[in-house]
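Written below as structure tokens is the structure these notes are about.
Values quoted throughout were computed directly from the atomic coordinates according to the rules given, and no laboratory measurement underlies them. Just so you know, these numbers come straight off a predicted model, no measurement behind them. Note that we place each Cβ from the backbone using ideal geometry, even for glycine, and neighbour counts take in every protein chain shown.
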């Protein structure tokens, strides 16, 4: 669990980064670890990273937990937090795993994908 960078990156920059890594692989060079979540434009990024979702991400980074516990901590409806968790998991900012509870089933456990999440934006 390292660092994740979230940024706006157009298609040309995305593909250029891929070509750079392909050239490195062709030369037998080590490709550096990176975890980048790229959005094509600022509007899309802002539609995903709303104020409530950023607060949810911060809460999960501070103390992972179940959706029910997170909803309670945030003072939000459980179904709304569930929708936000599902979206943030699809984007790759958080992860959901099944945690076995002693004697009575399983629980979805929400945790961050990285210790550090960096948002890079250029207007």
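Sticking with the crude label model, points 7 Å out along Cα→Cβ, report the distance from residue 115 to residue 26 in nm, one decimal please.
Between residue 115 and residue 26, the label points sit 3.6 nm apart.
Could you give log10 I(q)/I(0) at q = 0.19 Å⁻¹ for segment 1-65, computed by the Debye formula over C-alpha point scatterers of equal weight, without solvent?
Log10 of I(q)/I(0), two decimals: -0.87.
Using the alpha-carbon atoms, what tilt in degrees (0 to 90, nearest 10) does helix 78-91 show relative to the longest principal axis of the chain?
The angle comes out near 20 degrees.
Helix 11-26 versus the longest principal axis of the chain: what angle, 0 to 90°, nearest 10, using Cα atoms?
70
Angle, helix 51-62 long axis vs. longest principal axis of the chain, Cα atoms, 0 to 90°, nearest 10?
Once rounded, one gets 80 degrees.
Can you give the calculated 222 nm mean residue ellipticity of the chain, where each DSSP H run of n ≥ 4 adds -39,500 (n - 2.57) and the sum is split over every residue, rounded to the nearest 500 deg cm²/dmol?
On the way: 5 runs with 57 residues, N = 123.
Helices in the chain give a 222 nm mean residue ellipticity of -14000 deg cm²/dmol.
Between residue 50 and residue 74, what is the spin-label point distance in nm, taking each point 7 Å from the Cα along the Cα→C-beta axis?
1.0
Of the beta bridges DSSP finds with both residues in the chain, what % are antiparallel, to the nearest 5? Mind showing how you got there, number by number?
Working: 9 of 18 bridges.
Close to 50 percent.
What Kirkwood hydrodynamic radius do you get for the chain when you take the inverse of the mean 1/r over all pairs of distinct Cα atoms, in Å? If you can, show how the numbers build up before the last one.
Numbers: mean 1/r = 0.0618 Å⁻¹.
About 16.2 Å, per the Kirkwood formula over Cα pairs.
So, R0 is 25 Å and r is the distance between the beta-carbons of residue 3 and residue 41; what FRET efficiency does that work out to, to 0.05?
Taking R0 as 25 Å, the efficiency between residue 3 and residue 41 is 0.60.
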